Every structure is written in C-alpha cells, then in structure tokens.
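Here is the structure we will look at, set down as structure tokens.
The values are calculated or read from the model by the stated rules, or taken from the named source; none is laboratory data. Please read these numbers as outputs of a predicted model, since none were measured by experiment. Heads up, the Cβs are rebuilt from the backbone with ideal geometry, glycines too, and the neighbour counts pull from every protein chain shown.
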Amino acid sequence: MPGDDRGSAPAASASPVLSRWRERFQALRSLPSLLRMVVESAPAVAYASVAVRLISALLPIGILAVTKFIIDSISQLSSRHTPLPAVFWEMVALEYALACLGMVLGRAVDFLDAVFADRYAIHINTRIINHASTLDLASWEDPCFYDKLSRARMQGTERIGMIQAIGKMVQQFVTVAGLV
C-alpha cells in the first residue's frame, strides 16, 4: 500500500544495530592503552601469564603429534604384524606427561589471573586515588564528581574480566592457528 511504513521498519532497526557495532569497534581503540596499564600494574605477572598461555596453547599440538605416532604404531602392528617401535612406551609416557603438564599449566594460568586481578585492581585504585588527591575540596563536595569517581573505580576493576577474556581468546587463536 502507498503510505504504508512497514517496509521501512527493518532499515530503521538496522541503524541502531550498526551504531552499536560502531561503538564496539571504537572501544577497541582504547585496547593498546589498556594493555599498557596491564603491563604497568604487574609486568612480571603479565609476561609470565603470556608465556604460560603460549605454552598452553601449543601443548595440544604436541599431544596430537604424540597421539598420531601411537595410533600409527598400533595400526602398523595390526596391519603388518610388525613389532612396536622401541620408543612406543616412552611415547605413551610422554603423552601422559604432556596431559599432566596441560593440567598444571591450566592451574598456573588461573593462579596468574588471580594474582594479576589483585595487582591490577590495586594499581587502578592507586592511580585514581593519586589523581583525586590532587583535586581541591570543592571537587570532592560535588556529588556529580563523587559519582564519576566511584564509577571510574568500578569500571577500572571490572576490566579484569575483559583482560582475562582477551588472554583466553589469544590462547585459543594460537592453538587453532597451530592446528591448522
């Protein structure tokens, strides 16, 4: 029908969706400064976390290679009636050791994430308090300023989950890239 606006409804609803995606991608521009603050808050923990996550990401590739050797050895045994390779049981032990190492590294990542969360929260709160201490008393008496300060502290500590999610995502990307 002429004058019927039902045809334009999807276009109107697409605009808010696109604007939300634009906002999300614009928020990614602050990622480098966030990562700088991460390293500033606990450099040793951040680098240890990266190293442990990298090893954890590459570990499934090693387990896959050892498993392939074991399966190939067993298939040759049944198809050609050849004896097991001399290193067969060492490879079985290696696979077990790699699986145990994977579990230990998973716990190490969790531990480093917990230590990092504490240090990052302390670092952010210290920066906010140091900045707030430079302000005059009139700023403190303003309820709007106090609300902004409280939100800054809350948002600063809420970013820990995002940082840990970035670490997990990079770890999974390295694993997938290695498997490909």
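In region 69-80, the residues that are closer than 16 Å to residue 95 by Cβ form Cβ pairs under 7 Å with partners that are assigned to a helix (DSSP H, G or I), at six or more places apart or across chains, as follows: 69/91; 70/91; 70/92; 70/95; 73/88. Within region 23-47, the residues that satisfy the criterion of being without any contact (Cβ under 8 Å) to a residue 40 or more places away in the chain and either at positive phi or of a type in the set (D, E, K, R) (or both) are 23, 24, 29, 36.
Within region 136-152, one or more residues are more than 29 Å from residue 51 (Cα to Cα) and not in a helix (DSSP H, G or I). Yes or no: residue 56 of a type outside the set (Phe, Trp, Tyr), over 22 Å from residue 107 (Cβ atoms), touching a helix residue (DSSP H, G or I) at 6+ places or on another chain (Cβ under 8 Å) and crowded, with 17+ Cβ neighbours inside 10 Å? It is false that residue 56 is of a type outside the set (Phe, Trp, Tyr), over 22 Å from residue 107 (Cβ atoms), touching a helix residue (DSSP H, G or I) at 6+ places or on another chain (Cβ under 8 Å) and crowded, with 17+ Cβ neighbours inside 10 Å.
Only one entry in 126, 67 is in a helix (DSSP H, G or I) and more than 30 Å from residue 153 (Cα to Cα), namely 67. Restricting region 63-99 to residues that are over 28 Å from the mean Cα position of the chain (by Cα) and of a type in the set (Asp, Glu) leaves a set whose member that is modelled with the lowest pLDDT is 72. If the condition is being of a type in the set (S, T, N, Q), surrounded by 10 or more Cβ atoms within 10 Å (Cβ to Cβ) and within 20 Å of residue 41 (Cβ to Cβ), then region 122-157 contributes 125, 126, 155, 157.
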